[in-house]
Structure formats: C-alpha cells, structure tokens
1. For segment 13-32, which positions are within 14 Å of ARG49 (Cβ to Cβ) and aliphatic (A, V, I, L, M)?
2. Give me the residue from segment 38-49 that is surrounded by 10 or more Cβ atoms within 10 Å (Cβ to Cβ) and within 21 Å of VAL7 (Cα to Cα) and, out of that set, nearest to the chain's Cα centre (by Cα).
3. Return the pair list, or none, for Cβ contacts closer than 9 Å from residues in segment 36-63 that are touching a residue at least 12 places away in the same chain (Cβ under 8 Å) to residues that are of a type in the set (Lys, Arg) and part of a loop (DSSP other than H, G, I, E, B), at least 6 apart or on different chains.
4. Give me the pairs, please: first residue somewhere in segment 1-30 and farther than 17 Å from GLY41 by Cβ, second residue anywhere and part of a helix (DSSP H, G or I), beta-carbon distance under 8 Å, and either six or more positions apart or on two chains.
5. Take the residues in segment 1-50 that are assigned to a loop (DSSP other than H, G, I, E, B) and touching a helix residue (DSSP H, G or I) at 6+ places or on another chain (Cβ under 8 Å), then tell me which one is farthest from THR62 (Cα to Cα).
6. What number of residues within segment 8-23 satisfy the criterion of being closer than 17 Å to VAL35 by Cα and touching a strand residue (DSSP E or B) at 6+ places or on another chain (Cβ under 6 Å)?
Amino acid sequence: MNEIYHVTLQPMGTVVQVPGGTPVSRLLFSRDIHVETPCGGAGKCGKCRIIAKGALSPLSDTE
C-alpha cells in the first residue's frame, strides 16, 4: 500500500493528496495544469522542471 502525500501547488496554494509514486506530470495533468514537455518528460530539456521543498527523501541513483 502506498503512502499518501500532501502536495501544495504554487502559486495557487492548492493542497492535493497523492499516492506515493505518482509522477508529478500525472498530478499536474489531472488538475488541468499543462506543462510544456518538448522532450516527452525525459528530463533533458528542463522545460518541465519543478522545485520541491519540504520534507524530502535523499535523491536516489535514478533521480
């Protein structure tokens, strides 16, 4: 069973609950927040970059 996380979307200040492992792109799309992804979300162009703040786990090797 996945943990549930509370994510605050800025600048709106909206707090949403999401299961652990949910891609940020899926969360945003489900809220009608469309982010330009020229590289298809592969993390190569930087257009869909996000800033994560708060209690975060250390980066894994894949991150």
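Quick note: the coordinates plus some simple rules give every number you see, no bench work behind them. All values reported here derive from a predicted model rather than from experimental measurement. All Cβ positions, glycine included, derive from the backbone under ideal geometry; neighbour counts span all protein chains shown.
1. Residues satisfying the conditions are VAL24, LEU28.
2. So, considering only residues that are surrounded by 10 or more Cβ atoms within 10 Å (Cβ to Cβ) and within 21 Å of VAL7 (Cα to Cα), the one nearest to the chain's Cα centre (by Cα) is CYS48.
3. Pairs found: GLU36/LYS47; THR37/LYS47.
4. The qualifying pairs are VAL7/LEU27; LEU9/LEU28; VAL16/LEU27.
5. Filtering segment 1-50 down to residues assigned to a loop (DSSP other than H, G, I, E, B) leaves 1-3, 10-13, 20-23, 31-50.
Remaining after also requiring touching a helix residue (DSSP H, G or I) at 6+ places or on another chain (Cβ under 8 Å): 34-35, 37, 41, 48, 50.
On the way: HIS34: 25, VAL35: 22, THR37: 19, GLY41: 14, CYS48: 17, ILE50: 17 Å.
Among residues in segment 1-50 that are assigned to a loop (DSSP other than H, G, I, E, B) and touching a helix residue (DSSP H, G or I) at 6+ places or on another chain (Cβ under 8 Å), the one farthest from THR62 (Cα to Cα) is HIS34.
6. 1
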